[in-house]
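One structure is given here, and the rest of the page talks about it.
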Amino acid sequence: MSFFNSKTLLSPVLFAFVMGLLSTSADAWQYDAGRFAFKLNGYGTAGLLEPEFDSPEFIGDWRVRGQMNYAVASGQTLGLVYAIDAAAVDEDKFFREAFALWEDRTLGRIELGFTDSIARKLAVGLPDVGGLRVNDKPLFYKKITPHGPVVSDTTITTGRSALRANIASIPKNGMQYGLSVSGITDDYKYAIDAGLKIRQPAGKVKTAYSFGASFMDRPDNYRTDSYTPRVTADWRAQVSGGMNLQYNSWIWGVSARLIYDENPVGPVSDGLAVGTGVSYDILNYSLSLTYIFSDTGIWNRDVEDYMDHTAIASFRYKYSENIDGWMSLGMTTETPFLAVGMRITF
């Protein structure tokens, strides 16, 4: 087995470092002109991932998001949002988000277009300081093909490819809730999602809880998880829950997602994902340990279910407000790996 050497690290990491030096003074770019406001932000990650500590491969991740707002009245805003990222491009899509919004400071928010469901937007994920996108289509599975179907995400998702309407309340007494309805797609007849978040940000111990539920009618050759087969069934139901607890610089989190398909046709793609993680910050340093367990096929007695265990330890050092470097050491069921990279935010 070989380890990283100077030649394999030099090109992408040096590129990220040089680009970072050019961006040290950057921040989210915002322009205000009377009732109009425009904001642009995002990030870029460049690095290497080495499965089984051999044959390092380049990995890249990025996201750009723009939002334009118009203040129609005191406390009321109309807006347009467009975002694109590496995960969307991997699936041959030209947007991550593209929707219009209306927001009232005393009532809540309405979104119409292509975006995540409210169950996902109100969910709490797992603590992670690395750059492998643990909570959203993990990057390591781009280089390490699972030996079976994996439910890699512990929060509900019904995709972003159908026209969707989201309605969310304003946070009140630490509670926020919402409802999503989506359809007008060849992937399924319709989907309904609901989400709830309860936060207690005051005091020495801060907590956040989330709950989600989803029903999808007639999924047809549809896949929302990149590492499971496409599903065709009478209907799909999902539930999820999560908790984050913060004490000083410590954060501990747990989350879980359960998927059930009624009368599925073809390969099995439902099951569960359960995860937990802890992170710690001190000065410019951050550490985290994350574990995710996936079990696919638990409802079908005719096939053997596939279980996957993934554990990742990550370290991050913040060079400046906009540049940091990270390193992750991980293990899937079959494959150990090491990853390093640089991240630039703006």
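Consider the range 92-108. How many of its residues are among the basic types (Lys, Arg) and either in contact with a Leu (Cβ under 6 Å, 6 or more places away or on another chain) or farther than 29 Å from Asn173 by Cβ (or both)? Selection size over the range 92-108: 2. Number of residues in the range 43-77 that are under 19 Å from Gly113 (Cβ atoms) and surrounded by 15 or more Cβ atoms within 10 Å (Cβ to Cβ) equals 8.
Identify, from the list Ser74, Ser55, the residue that is closer than 20 Å to Pro171 by Cβ and at pLDDT below 95. Of the residues listed, the single one that is closer than 20 Å to Pro171 by Cβ and at pLDDT below 95 is Ser74.
Go through the residues of the range 306-323 one by one and say whether even a single one is among the acidic types (Asp, Glu), crowded, with 18+ Cβ neighbours inside 10 Å and free of Cβ contacts under 8 Å to residues at least 60 places away in the same chain. No; the residues of the range 306-323 include none that is among the acidic types (Asp, Glu), crowded, with 18+ Cβ neighbours inside 10 Å and free of Cβ contacts under 8 Å to residues at least 60 places away in the same chain. For the range 167-192, the set of residues classified as in contact with an Asp or Glu (Cβ under 9 Å, 6 or more places away or on another chain) and closer than 26 Å to Gly253 by Cα consists of Ala168, Ile170, Gly178, Leu179, Ser180, listed by residue number. For the range 191-206, a residue qualifies if it is in contact (Cβ under 8 Å) with a residue 40 or more places away in the chain, over 23 Å from Gly271 (Cα atoms) and surrounded by fewer than 21 Cβ atoms within 10 Å (Cβ to Cβ), and the qualifying residues are Lys204, Val205, Lys206. All conditions in (1) in contact with a helix residue (DSSP H, G or I) (Cβ under 6 Å, 6 or more places away or on another chain); (2) surrounded by fewer than 16 Cβ atoms within 10 Å (Cβ to Cβ) hold for Arg96, with the sole exception of (2).
Filtered by the rule that a residue be over 20 Å from the mean Cα position of the chain (by Cα), part of a loop (DSSP other than H, G, I, E, B) and either buried (at least 23 other Cβ atoms within 10 Å of the Cβ) or β-branched (Val, Ile, Thr) (or both), the range 212-243 gives a lone residue, Pro219.
Those residues that are more than 23 Å from Tyr43 (Cα to Cα) and either among the hydrophobic types (A, V, I, L, M, F, W, C) or part of a loop (DSSP other than H, G, I, E, B) (or both), I need them from the range 105-131; list them, please.
Within the range 105-131, Arg105, Thr106, Leu107, Ile110, Leu112, Ile118, Ala119 qualify.
Just one of the listed residues (Thr276, Thr310) is touching a strand residue (DSSP E or B) at 6+ places or on another chain (Cβ under 9 Å) and within 13 Å of Val151 (Cβ to Cβ), and it is Thr310.
You will find that of Tyr177, Tyr209, Tyr188, the residue that is assigned to a loop (DSSP other than H, G, I, E, B) and surrounded by 17 or more Cβ atoms within 10 Å (Cβ to Cβ) is Tyr188 and no other. Listed by first and then second residue, the pairs with beta-carbon distance under 6 Å, at least 6 apart or on different chains, first residue in the range 283-297 and under 13 Å from Asn135 (Cα atoms) and in contact (Cβ under 8 Å) with a residue 24 or more places away in the chain, second part of a strand (DSSP E or B) and of a type in the set (S, T, N, Q), are Ile292/Thr310.
When Val134 is tested against (1) outside any strand (DSSP E or B); (2) at pLDDT below 95; (3) over 25 Å from Arg316 (Cβ atoms), only condition (3) is not met. All conditions in (1) in contact with a Pro (Cβ under 8 Å, 6 or more places away or on another chain); (2) at negative phi hold for Glu52, with the sole exception of (2).
The values are calculated or read from the model by the stated rules, or taken from the named source; none is laboratory data. This structure is a prediction, so every number in the text was calculated from the model and none was measured. Backbone-built Cβ (ideal geometry, glycine too); neighbour counts: all protein chains shown.
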